[in-house]
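The structure appears below as structure tokens.
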Amino acid sequence: MKKLFTLCVVATMAFTLSAQMTLSKGDMVAGITYNSAYDNESITDDLALTIGYAVSDEFTIMATRDENTDGEDASINLGVRYFYNGFYGQLNMMDVQDATDADEDATMSVGKMFALDWVDGLYLDPSITLSGLGSDNDTDTSFGVTLGMKF
């Protein structure tokens, strides 16, 4: 049910928001991310902290601190985001410090950042993520939404 709800929210936002957001070299972003792959009882337990730095107008380095793991330790996920025509593709390396026993090494995301005019710098970032890349497991799809600020 959570996956269906998240899909509906992402689809609605993608069609109703029109102000795309771009990052310029030197911009920083920070936000709270929800992903439908998380399976906790409370939605507040499903949130992860995401930060990023634009090294050029096209490339951004992203990092996520994710406590939604099987173990007791949080994982650090690193990613590189490439922007093209308002959309982005992102390659993520999961759990770079090997804090958990998960075998999932890489994920790939596609999404778009939308500026929210309520507050200067506020953005919404819906995305679709493919996980299980580079492993013998089946590939899973999840939907995510980040609410953040650009600095």
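Which whole-Hz couplings ³J(HN,Hα) result when phi for each residue of region 26-34 is put into the Karplus expression 6.51 cos²θ - 1.76 cosθ + 1.60, θ = phi - 60°, listed in order with x for Gly and Pro?
In residue order, the calculated couplings are x, 6, 10, 10, 8, x, 10, 10, 10 Hz.
Taking the Cβ of LYS25 as the centre, find all other residues whose Cβ is under 12 Å away and add up their charges (Lys, Arg: +1; Asp, Glu: -1).
Once positives and negatives cancel, what remains is -3.
Rounded to whole Hz and in sequence order, give me ³J(HN,Hα) for region 116-132 from the Karplus expression 6.51 cos²θ - 1.76 cosθ + 1.60, θ = phi - 60°, writing x for Gly and Pro.
Running phi through 6.51 cos²θ - 1.76 cosθ + 1.60 with θ = phi - 60° gives 9, 6, 5, 9, 4, x, 6, 9, 10, 10, x, 8, 10, 10, 9, 10, x Hz.
For a quick check: with amide H placed at 1.01 Å from N, whose amide H comes under 5 Å from GLN20's, ignoring anything fewer than 5 positions away on the same chain?
HN-HN under 5 Å from GLN20: ALA115.
Each reported figure results from applying straightforward, stated rules to the coordinates on display, with no laboratory input. Every value quoted in this text rests on a predicted model; they were computed, and no experiment measured them. With ideal geometry, Cβ positions are generated from the backbone for all residues, glycine too; neighbour counts draw on all protein chains shown.
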